[in-house]
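For reference, the structure is listed below as structure tokens.
The values are calculated or read from the model by the stated rules, or taken from the named source; none is laboratory data. What you see is a predicted model, and the numbers here were worked out from it, not measured in a lab. Please note: Cβ atoms are built from the backbone with ideal geometry, for glycine as well, and neighbour counts cover all protein chains shown. To get the accessible areas, we keep the full protein, side chains included, count just its heavy atoms, and leave off ligands, DNA and RNA. Shrake-Rupley method; radii C 1.70, N 1.55, O 1.52, S 1.80 Å.
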Amino acid sequence: MKWWSKKVVYQIYPRSFQDSNNDGIGDIQGIISRLDYLANLGIELLWISPLYASPNDDNGYDVSDYYQIMPDFGTMADMDELITSAKKHGIEIIMDLVANHTSDEHAWFRDIREKGRKSSYYDYYVWCDKPNELMSTFGGTAWEYEAKVGQYYLHLFSKKQPDLNWKNADMRADMYKIIRYWLKKGIAGFRLDVIDLIGKIPEEGITGNGPLLHTYIKEMAAQTFIPSNSFTVGETWGATPAIAKLYSNPDGSELSTVFQFEHIGLGQRPTKTKWDERKWSFAELKTIFVKWQIELQGEGWNSLFWNNHDLPRAVSFFGNTETEAYRVYSAKMLATLLHGMQGTPYIYQGEEIGMTNAQFESIESYDDIESIRMYDERIENGEKPLEILADIHRVGRDNARTPMQWDMSSNAGFSKASPWLEVNPNYKKINVEAALEQRNSLFYYYQKLIALRKQYDVFTDGIFLEQNPENPEVFHYTRRNEQEELIVILNFS
Ligand code: TEU
Ligand code: CA
């Protein structure tokens, strides 16, 4: 067993978790003030979405300085305090490392804007003379003209997120320096943003899973994660079980684990964008989980998650929110399914109280760059606002980003000021304070699941066996080691 094998990860989206100074934006002191809450839940690892300096074009996933904290979130002293107080609560911090791209306001890119091709950082980014058909995830071409250079730079996300060139050894060395800087501060590891893109060969239209991807990851791991015995999880949208085994091979030469997104992709048509709805069946969902459990057994390690800051709320997408009773029952069932399997479970902030998707009536209420760009594009194509909003209500990223619902007071106890993104109007019913007052609440259910995992090794090392695979409404599996057996029976009907 590894030091992290029995731990449950909680993900915080810092902008939306807790505001301490009432400017409407969540911050590091806010997180510190809630460490007791997280420890009470049983959390031992905390992944925090990016806290670095950033102009916030993509809410911190556009980093302008990896050695600074975004002033909205606080100072480096606050960060050091967070790392220390978390440890006192038995919690280790996992930082989010954005290594595929920087902000265009990062010093490297600004130097290029000043000196053109003479900049010593010119080759840190990806350039071409004639754009090909590569598209940005957020819509439109992935190439942007840079006058001072007389060439186009690649941006697989927004044009304020130029892609780094991993072929450049100096750039790689600078990135490893950043990683070591944070490890020295006492953090326990990293979540690696879109790490499957760093081996890209843009001129051939290859983005994910490029030929040198695993060479780079091995080099990075050897110089940073392995000597520090870090916990790492790669965000890998394109991972199949075979690919996941390369990354999380027990020989330890790459990452501890990766996120696979096959169950997430169920609701979207394979050849289209995330906005194109696909009807899926429970049988398909079962098949995916069983496949990943069996394939990685002894040869890799699963990451178990229903949602994150990019995805709809678990109970809204996979469960049932038609009535209050269904919301709670289905959320408990989803939690049981996930926490009974082999791997590292993740809880996304608010999942433990069953927070739901938000359905704002106007695009003005939304902030997410992906949703807004999609909306504008489709309005230009003549589509009606209500049709487009329906898609945002279903799968838009702001569903996960509305402020954490702490209590019944104004703005759900998130902030005394008007928050950067509206609170979900259901906060008077769904909030932490209410959950803590009810013995049978979802919160206490999660608390029990986490406690069971710590108590019984079978959750961690038990082999996975599916039972009654042909049952169309029930997911039934067992886990078994030499001393213990865990039986999980879930009725999806
Ligand atoms: O997400 C990777 C990614 O591919 C997303 O754009 C994803 O497809 C989309 O969010 C689904 O709605 C990571 C981060 O998690 C995301 O927040 C960032 O915007 C993105 O990388 C760029 O850094
Ligand atoms: Ca604040």
Q: Take region 363-415 and flag every residue that is hydroxyl-bearing (Ser, Thr, Tyr), within 27 Å of Gln161 (Cβ to Cβ) and without any contact (Cβ under 8 Å) to a residue 60 or more places away in the chain.
A: Ser365, Tyr366, Ser371, Tyr375
Q. Restricting attention to region 58-80, does a residue exist that is part of a helix (DSSP H, G or I) and either among the basic types (Lys, Arg) or at positive phi (or both)?
A. no
**Q.** Residues located in region 396-416, provided they are within 16 Å of ligand 1 (Cβ to nearest atom) and open to solvent by 10 Å² or more (accessible area, probe 1.4 Å)
**A.** Arg397
Q. How many residues are in a loop (DSSP other than H, G, I, E, B), of a type in the set (Lys, Arg) and touching a residue at least 40 places away in the same chain (Cβ under 8 Å) if we restrict to region 425-479?
A. 1
Q: Search region 424-443 for residues being open to solvent by less than 20 Å² (accessible area, probe 1.4 Å) and aliphatic (A, V, I, L, M), and hand back the single one that is farthest from Asn308 (Cα to Cα).
A: Ala435
Q: Among the residues of region 355-374, write down those that are surrounded by 18 or more Cβ atoms within 10 Å (Cβ to Cβ), assigned to a loop (DSSP other than H, G, I, E, B) and more than 18 Å from the chain's Cα centre (by Cα).
A: Ala358, Phe360, Tyr366
Q: Scan region 18-60 for residues that are within 17 Å of Ala188 (Cα to Cα), of a type in the set (Phe, Trp, Tyr) and either open to solvent by 10 Å² or more (accessible area, probe 1.4 Å) or within 12 Å of ligand 2 (Cβ to nearest atom) (or both) and report the count.
A: 0
Q: Would you check if Gln29 is away from ligand 1 (no atom under 14 Å from the Cβ) and in a loop (DSSP other than H, G, I, E, B)?
A: no
Q: Hey, could you check region 2-17 for residues that are assigned to a strand (DSSP E or B) and either of a type outside the set (Ser, Thr, Tyr) or within 16 Å of ligand 2 (Cβ to nearest atom) (or both) and say which is nearest to Pro50 (Cα to Cα)?
A: Ile12
Q.
Whether any residue in region 81-98 is under 21 Å from the mean Cα position of the chain (by Cα), within 15 Å of ligand 1 (Cβ to nearest atom), assigned to a loop (DSSP other than H, G, I, E, B) and closer than 28 Å to Asp174 by Cα is what I want to check.
A. yes
Q: Just need a number here: residues in region 32-49 that are more than 16 Å from ligand 1 (Cβ to nearest atom) and in contact (Cβ under 8 Å) with a residue 60 or more places away in the chain.
A: 6
Q: Being surrounded by fewer than 18 Cβ atoms within 10 Å (Cβ to Cβ) and within 14 Å of ligand 1 (Cβ to nearest atom) is the filter here, so list the residues in region 99-136 that pass it.
A: Met135
Q: Can you confirm whether region 319-329 contains a residue that is in a loop (DSSP other than H, G, I, E, B), more than 16 Å from ligand 2 (Cβ to nearest atom) and buried (at least 23 other Cβ atoms within 10 Å of the Cβ)?
A: yes
Q: For region 149-187, name all the residues that are open to solvent by 10 Å² or more (accessible area, probe 1.4 Å) and among the small types (Gly, Ala, Ser).
A: Gly150, Ala169, Ala173, Gly186
Q) Which of (1) over 19 Å from the mean Cα position of the chain (by Cα); (2) within 15 Å of ligand 2 (Cβ to nearest atom); (3) open to solvent by less than 10 Å² (accessible area, probe 1.4 Å); (4) of a type in the set (A, V, I, L, M) is the odd one out, the single condition Ile69 does not satisfy? A) (3)
Q) With respect to Lys272, is the statement that it is more than 14 Å from ligand 1 (Cβ to nearest atom), more than 17 Å from the chain's Cα centre (by Cα) and open to solvent by 20 Å² or more (accessible area, probe 1.4 Å) true? A) no
Q. When region 325-345 is examined, which residues are found to be touching a residue at least 12 places away in the same chain (Cβ under 8 Å) and within 12 Å of Leu442 (Cα to Cα)?
A. Arg327, Val328, Ser330, Ala331, Lys332, Met333, Leu334, Ala335, Thr336
